[in-house]
Structures are given as C-alpha cells and as structure tokens.
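Student: I am attaching a structure below and will ask some questions about it afterwards.
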Amino acid sequence: MIWVQFAVLLIMIVIGSRLKGIGLGLMGVLGMLIYVQFFRMRPVGPPGDIMLIILSIVTASAALQAAGGLDYLVQIAEKIIRKNPKNITLIAPVTAFVLCLFSGTSHVVYSLLPVISDLSAKKGIRPERPLTATVIASHMALTGSPMAACTAALATVLGYADAPLDIMLVSIPACFIGSMAAALVMYNKGKDLKDDPLYQEKLKDPAFVEYLKSEETGAQKEVSRDAKLSVAIFGLAIVMIVLGGSFPHLVPNMVGGDANAMVNADGSLKMVTIISVVSLSAAALMALFTKAKPDLIIKQSLFLSMATALISVYGVVWMSATFMAANEVAIRDGLGAITEKFPWVFTIAIFIMGILMFSQGATTKAMMPLGLTLGLTAPSLIAMFPAVSSFFVLPGYPTILAAVNIDRTGSTKIGKYVVDHSFMLPGMVSTVVAVGMGFLLAGIFL
C-alpha cells in the first residue's frame with residue numbers, strides 16, 4: 001500500500017511542477033483529498049510556520065523593493081560587474097551570491113542578467129559562461145541566508161538554540177565555494193564566440209551587429225534617501241534575526257504558561273516568532289519613514305509572488321508530511337539501516353525531491369523532518385542542505401528561463417533532451433562541492 005501512496009505523491013508533484021505557478025500547491029491539496037478519501041490517512045497539521053516565515057520575509061523584501069532599496073543594491077552590484085568585464089564569469093557569480101544572500105531571494109538577479117549578457121557579448125565572451133554561473137550562485141546563496149525561508153525552515157526543524165548560527169557557519173562558506181567551483185568550471189566552457197557557428201550565423205543579421213556595436217551605457221541613477229534608509233532598516237533586521245536566533249539569551253524569555261506555536265516549553269521564543277516579528281516590524285518602519293506605503297508594497301512583484309509560494313508550500317508540504325507521518329514506521333525500517341551506515345545517501349533523496357518540488361523551502365520542510373526520523377544528526381542535515389537547490393535539473397525555474405531568453409547570442413540554451421541544458425554542469429558541480437564542503441565544515445565546527 002505504501003508504494004501506491006508514494007506513487008500518488010510523485011504523480012501529484014510531477015503534474016504540479018509541469019503546471020507551474022500555484023499548480024504544485026493545488027495538486028498537493030488534490031493529493032490530500034485522495035489520501036483522506038481513499039486511503040483514510042490522518043492529515044497532519046499544515047506547515048504554518050514556514051508559511052508565516054515566507055509571508056513575513058517576502059513582505060519585508062517587497063517593502064525594500066517599494067522604497068527603492070532593491071534597485072539600489074542591484075545598482076551597486078551592476079557597478080561592480082562593469083568594472084572588470086574580462087573576468088565577468090567570476091565576478092558576476094560572486095556579486096549575485098552576496099546580493100541574494102543579503103536579500104534572501106534569487107529573483108533580484110533578473111536585473112543583473114541583461115547587464116551580464118550584454119557585457120559578455122560585446123567583449124567577445126560567451127554569455128553562457130557568466131549567465132549560468134550567476135544563476136546557480138543566486139540559488140545557492142539562499143541555503144544559508146538569514147533572510148531566506150529555506151534557512152529559517154531548517155532552523156525550525158532542527159529546533160535547538162544555536163541552529164541558525166550553525167547553519168550559516170557551515171552553509172554560507174560551503175555554498176560560496178560550490179558557486180565558485182561552478183564558475184571556474186564554466187570559465188572556458190564551450191566554444192568562444194568567434195568559433196561558434198550559431199553566433200557567426202547571427203552576425204549576418206544587421207540588427208544584431210548594430211546591437212553589438214552599441215555603447216554600454218551603465219548609467220547610474222541617483223539614489224534617494226528612502227532607498228538608502230530602507231537598505232539600512234533591512235540590514236538591521238537581518239542582524240537582529242541572526243543575533244536572536246544565535247544568542248537566545250538576548251531575546252526576552254516568556255516564563256510561565258504552556259508551549260504554543262510561537263513559544264517553546266521553556267519560555268524561549270521560537271525562530272518563526274523572531275523572524276516574523278522582526279521582518280514585519282522592518283516593513284512597518286519602511287512604511288512609516290520611506291515612500292514604501294502599504295498600498296505600494298502590495299503592488300510589488302515580490303509581494304505578488306508570495307501567493308504562489310504560500311499555496312505551493314501549503315499543498316505540497318502538507319501532502320508530503322501526511323504521507324510520511326502515516327508511513328513513518330515503514331520508512332524508518334526501510335531506510336534507517338542504510339542511512340545509519342551511509343548518512344550521505346539521504347542527500348540523494350533530498351536532491352531528487354528538490355528537482356520535483358521546485359522550492360527550496362518546501363523541500364527543506366518536507367525532507368529534513370524525515371532525516372531526523374531516520375536518526376540523522378543535525379550536522380549531517382546541515383551539510384546536506386545545499387541539495388535542496390536541485391531544481392536546476394528541470395529547466396523550468398524563472399531565473400533559468402530568464403537567462404536563456406536574455407542571451408541574444410543563443411549560447412545559453414535548454415537543449416534537445418531537456419536535461420542537456422546549459423545549467424546542468426554548473427548546477428551539479430556547485431551542489432556536489434557544496435555538500436562535500438558542508439560535511440567537511442560540519443566536522444570541523446559542529
């Protein structure tokens with residue numbers, strides 16, 4: 001029976017990922033209907049903590065966007081990239097990694113992709129090299145970012161006081177090294193433009209030649225006071241979340257009373273409480289002291305994307321958690337012996353689920369509790385954490401599609417067999433190196 005139930009889980013995830021958008025969440029709830037109606041499976045509680053984290057962090061990020069702070073950060077990143085275009089394959093991923101690590105979302109990279117593509121083509125560098133390395137780095141930066149929902153989800157699952165600090169201590173350097181390994185692999189990947197038949201064919205188009213001859217503007221816009229203030233407020237929020245999660249004694253202890261969704265049994269505040277209160281307070285301060293008024297915040301692209309994230313996490317994580325709770329004994333008996341002897345094998349399971357779920361937060365919330373059930377230690381799960389970014393395997397993620405569409409030379413492509421695309425090599429390299437470095441660093445620091 002477990003295999004039939006597992007087949008339902010996989011079918012719903014595969015169909016949902018093909019539908020894109022909120023399809024994953026909707027198919028997850030349909031799977032719940034099948035589980036409850038036909039298998040009489042007892043539903044577990046929906047993932048309210050990770051949904052609240054997504055809501056809070058994305059609202060703060062949307063306020064930053066509304067105040068002009070996000071454009072300010074992108075402008076700084078663009079300036080860095082333009083300073084040394086010859087080494088764009090190395091500089092662009094580093095810049096994107098830092099930008100996404102700070103902002104907690106990979107979607108800010110959209111503004112950098114046109115700059116990277118244009119600079120590369122006009123300098124005779126194959127755009128595929130920096131574009132793919134940059135997109136992969138923007139994904140990897142989130143597994144460790146204090147403002148990313150997946151990092152907060154892992155800290156919540158692990159549930160011990162120093163979890164946020166341990167995750168950042170291991171994941172940030174491991175993922176940065178993985179991203180740089182991918183950039184190095186891509187540095188000379190593929191034919192140079194002058195030797196690429198597709199590029200030579202494009203040179204027959206007068207409009208394309210004119211585009212290559214056009215000057216690189218790179219004009220820097222004047223930065224407003226609101227933009228700078230919003231970045232300062234957002235940065236302060238990050239510091240407060242890191243300190244609150246890493247040093248619980250700095251946070252007020254609510255002595256007395258029972259444990260609930262926001263407070264632990266010992267009176268300490270849960271990570272979801274710290275993140276939601278600080279993030280939404282930062283958004284409130286931006287609404288009070290910058291142009292990021294509430295009616296403007298809700299119109300931002302980041303805020304609009306939150307609905308998709310919430311519905312997706314709600315449906316697919318709820319379905320996955322219900323399946324695992326109903327079959328906990330069978331899963332533990334079947335996989336426990338293997339993972340006890342070879343803990344790293346669980347990384348493969350995380351990687352596969354990440355491909356199907358198209359969400360780092362959803363994959364984290366669905367798989368990491370299973371890892372704890374199988375007896376894996378917190379350091380091992382932290383080391384495996386970068387594997388949740390495996391959604392590059394099926395090239396349907398928006399950042400990947402944006403990079404493909406923006407490369408006018410045609411060097412960045414999907415491929416004939418779907419998986420033979422430009423992002424597969426840097427994605428696999430970054431994941432393998434990051435997980436390997438994760439185990440090494442976890443063994444040293446944890």
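Nothing in this text is a laboratory measurement; each read-out follows from the coordinates by a stated rule. In this text the structure is predicted, and so the values were computed from the model without any measurement. Note: ideal-geometry Cβ built from the backbone for every residue, glycine included; neighbour counts use all protein chains shown.
Student: If exposed chymotrypsin sites (Phe, Trp or Tyr not before Pro) are those in a DSSP loop with at most 11 other Cβ within 10 Å, what is the longest stretch of the chain that has none?
Tutor: Here the longest segment lacking exposed loop sites spans 161-416.
Student: How fast does the range 120-229 diffuse by Stokes-Einstein, in µm²/s, taking the Kirkwood radius from C-alpha pairs at 37 °C and 0.692 mPa s?
Tutor: In µm²/s, the coefficient is 186.
Student: Sticking with this one: For a 30 Å ceiling on Cα separation, which of these pairs sit above it: Lys293/Lys365; Lys341/Lys413; Lys20/Lys83; Lys213/Lys413; Lys20/Lys123?
Tutor: Result: Lys293/Lys365; Lys341/Lys413; Lys20/Lys83; Lys20/Lys123 exceed 30 Å.
Student: Counting other C-beta atoms within 10 Å, which of Glu78, Glu328, Glu340 has the fewest, and how do the rest follow? All intermediate terms of the calculation are to be shown ahead of the outcome.
Tutor: Numbers: Glu78 20, Glu328 14, Glu340 11.
Taking fewest neighbouring Cβ atoms as first place, the list is Glu340, Glu328, Glu78.
Student: Counting pairs of Cα atoms in the range 295-369, how many percent are more than 21 Å apart?
Tutor: Working: 1101 of 2775 pairs.
That fraction is 40 percent.
Student: Quick check: convex hull of the Cα atoms in the range 199-310, volume per residue, rounded to a whole Å³?
Tutor: 214
Student: For the chain, calculate the relative contact order in percent as a whole number, restricting contacts to Cα pairs under 8 Å that are 6 or more residues apart.
Tutor: 27
Student: So how tilted is helix 225-246 from the main axis of the chain? Cα-based, degrees 0 to 90, rounded to 10.
Tutor: So the inclination is approximately 40 degrees.
Student: Right, here's the next one. Given the options Ile406, Ile382, Ile53, state which has the largest fluctuation in a GNM of the chain using a 10 Å cut-off (strictly under) for Cα springs.
Tutor: Evaluated over the chain, the most mobile residue of the options is Ile406.
Student: Okay, next question. Can you tell which of Ala92, Ala265, Ala181 shows the greatest fluctuation in a Gaussian network model of the chain with Cα springs below 10 Å?
Tutor: The residue with the greatest mean-square fluctuation here is Ala265.
Student: Using amide H atoms built 1.01 Å from N in the peptide plane, name the residues 5+ places from Val263, or on other chains, whose amide H lies under 5 Å from its own.
Tutor: Distant-sequence amide H within range of Val263: Lys270.
Student: Also: Note the angle between two axes, namely the Cα long axis of helix 328-341 and the longest principal axis of the Cα atoms of the chain, as a number of degrees from 0 to 90, rounded to the nearest 10.
Tutor: Value to nearest ten degrees: 60.
Student: Which one, Leu212, Leu370, Leu169, has the greatest fluctuation when you compute a Gaussian network model over the chain with C-alpha springs under 10 angstrom?
Tutor: Looking only at Leu212, Leu370, Leu169, the largest GNM fluctuation is found for Leu212.
Student: Enter the Cα centre distance for the pair the range 368-392 and the range 27-104, rounded to the nearest angstrom.
Tutor: First find each Cα centre; the distance between them is then 19 Å.
Student: Let me ask something additional. For the range 170-257, evaluate the Debye formula with one uniform point scatterer on each Cα (no solvent term) and list log10 I(q)/I(0) at q = 0.18, 0.21 Å⁻¹, rounded to two decimals.
Tutor: Scattering profile of the range 170-257, log10 relative to I(0): -1.02, -1.06.
Student: Between the range 233-289 and the range 311-352, how far is it from one alpha carbon centroid to the other, in angstrom?
Tutor: 30
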